[in-house]
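> Submitted below is the structure of interest, expressed as structure tokens.
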Amino acid sequence: MKILFVADPLESFKIYKDTTFAMMREAQKRGHQVAACEMTDVRWQRGQSVSALVREIRLTGDADVWFVETGKARAALKDFDAVLMRKDPPFDSEFFYATHLLSQAEREGAKVFNSPAALRNHPEKLAILEFPQFIAPTLVTRNEADIREFHATHGDIILKPLDGMGGMGIFKVGADGLNLGAIIETLNRDGAQTVMVQKFLPGIAQGDKRVLLIGGKPVPFCLARIPQGGEVRGNLAAGGKGVAQPISARDREIAETLGPILMARGLMLVGLDIIGESLTEINVTSPTCFQEITDQMGCDVAALYVDAIEQALAA
């Protein structure tokens, strides 16, 4: 099987923790051919199929020079058995345009995971609005007065931009409202930008749990990303400590409710973020934490994922 990964530059991978690398390693282990390209390499021209300038690679097993390029040529996406969209956020205009090119590739016969249309329809912060039974008090608005009213009602709150990743741009405001005005100005840019506001969840002290869905089913272990050094953000990119653990009964309830719904929409791999008992985000662009869970719990998450891809292609 030939698998194309649409991802960030290979040279930027931190392979000791990179989930896309774990997928590549498992695919090659099974004898599949691995290739990669970046979003900037993808193009469409009238009279031609959607194509990309593709790097054919072989993983070496070396920690430093982790791959060698065995070929480079333009190829139609439909000529691959599977195309895995693994570009990291932010979900900006260029990412949006790339999903349209990938949708065209699907019309030409390409098999793309996750579905480009589903990526467009599930912005990671806003996707939770469909499942209010599982989320904490949440407000989405541009309006400063609305934010101040929400703060007056709930006291401790979290404010965040809709296009952030890795904990970027997240602020906590306490009951005293210190710096609330400045934070609103920073995030909503005088009403030009929409902000998400959520009631602060003390459960963050036990970690922001990443619960993975593969093929609509929960992986039995999650990664609790625990804030360190006075931070309120558990994101690994913000210095959080990742502790793998079995999923809880509540985690499973949320996962088993959302899993079949999201899978039916073409979302093969999903990362649910859960703090305490509450769902806070639904990550669909390039969910991570495979290696941390595998290393700590012995559950081979990459193998589960490649199993799901193989089964989907065989169906």
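> Which whole-number value in Å² is the accessible area per residue of the range 168-216, probe 1.4 Å?
In whole numbers, the range 168-216 has 45 Å² accessible per residue.
> If R0 is 30 Å, what FRET efficiency do you get for Glu69 and Gln245 from their C-beta distance, rounded to 0.05?
So, using R0 = 30 Å, E works out to roughly 0.20.
> Rounded, prolate or oblate for the range 59-99? Axes are the square roots of the Cα gyration tensor eigenvalues, ordered a ≥ b ≥ c, and the cut-off for rounded is a/c under 1.5. Numbers along the way, then the final one.
Details: a/c = 2.66, a/b = 1.43, b/c = 1.86.
Because a/c hits 1.5 or more and a/b fails to exceed b/c, the range 59-99 counts as oblate.
> Suppose R0 equals 45 Å; then what is the FRET efficiency for Leu126 and Asp295 from their Cβ-Cβ distance, rounded to the nearest 0.05?
Efficiency, from the Cβ-Cβ distance: 0.90.
> For the chain, build the convex hull from the C-alpha positions and give me its volume per residue in Å³.
Expressed per residue, the convex hull around the Cα atoms of the chain is 135 Å³.
> Going toward the positive end of the dipole of the chain, with +1 on Lys and Arg Cβ and -1 on Asp and Glu Cβ, which of Met263, Ala136, Gly167 do you reach last?
Projecting each Cα onto the dipole axis, the largest value belongs to Met263.
> Near Ala98, within a Cβ-to-Cβ distance under 11 Å, what is the net charge of the other residues, with Lys and Arg +1 and Asp and Glu -1?
Summing Lys and Arg as +1 and Asp and Glu as -1 gives -1.
> Now for a separate question. Relative contact order (percent) for the chain, with alpha-carbon contacts under 8 angstrom and 6 or more residues of separation?
18
> Give a residue-ordered list of calculated ³J(HN,Hα) values for the range 83-91 (Karplus: 6.51 cos²θ - 1.76 cosθ + 1.60, θ = phi - 60°; whole Hz; x for Gly, Pro).
Along the range 83-91, the couplings run 10, 9, 7, 10, 5, 5, x, x, 7 Hz.
> Which value, in Å², gives the accessible area per residue of the range 218-268 when a 1.4 Å probe is used on the protein heavy atoms?
So the range 218-268 comes to 43 Å² accessible per residue, rounded to a whole number.
> Apply the a/c threshold of 1.5 to the C-alpha gyration tensor of the range 28-131 and tell me whether it is rounded, prolate or oblate.
The shape class here is oblate.
> Which pairs break 23 Å Cα to Cα here: Lys209/Lys241; Lys29/Lys125; Lys160/Lys217; Lys14/Lys199; Lys17/Lys160; Lys17/Lys172?
Flagged as over cut-off: Lys29/Lys125; Lys160/Lys217; Lys14/Lys199; Lys17/Lys160; Lys17/Lys172.
> While we're looking at this one, here's another question. Can you give the accessible area of Lys17 in Å² (nearest 10), computed on protein heavy atoms with a 1.4 Å probe?
Surface open to solvent at Lys17 totals about 80 Å².
> For the chain, with the dipole built from +1 on Lys and Arg beta-carbon atoms and -1 on Asp and Glu ones, taken about the Cα centre, which of Ile282, Gly181, Ala308 lies farthest toward the positive end?
Ala308
> Given the rule -39500 (n - 2.57) for each run of at least 4 DSSP H residues, summed and divided by the residues of the chain, what is its mean residue ellipticity at 222 nm, to the nearest 500 deg cm²/dmol?
That comes out to -8500 deg cm²/dmol.
> I'd like the carbon and sulfur percentage of the solvent accessible area for the chain, probe radius 1.4 Å, heavy atoms only, ligands and nucleic acids excluded.
The value for the chain is 50 percent carbon and sulfur by accessible area.
> Using a probe radius of 1.4 Å on heavy atoms only, what accessible surface per residue do you get for the range 58-139? Whole Å² is fine.
48
> Given H placed on each backbone N at 1.01 Å, which residues far from Asn283 in sequence or on other chains put an amide H within less than 5 Å of it?
Residues meeting the amide H criterion: Gly271, Leu272, Asp273.
The values are calculated or read from the model by the stated rules, or taken from the named source; none is laboratory data. Computed from a predicted structure; not experimentally measured. Here Cβ is always computed from backbone atoms with ideal geometry, including for glycine, and neighbour counts include all displayed protein chains. Each accessible area value is taken on the protein alone, full model and side chains, heavy atoms only, with ligands, DNA and RNA left out. Shrake-Rupley method; radii C 1.70, N 1.55, O 1.52, S 1.80 Å.
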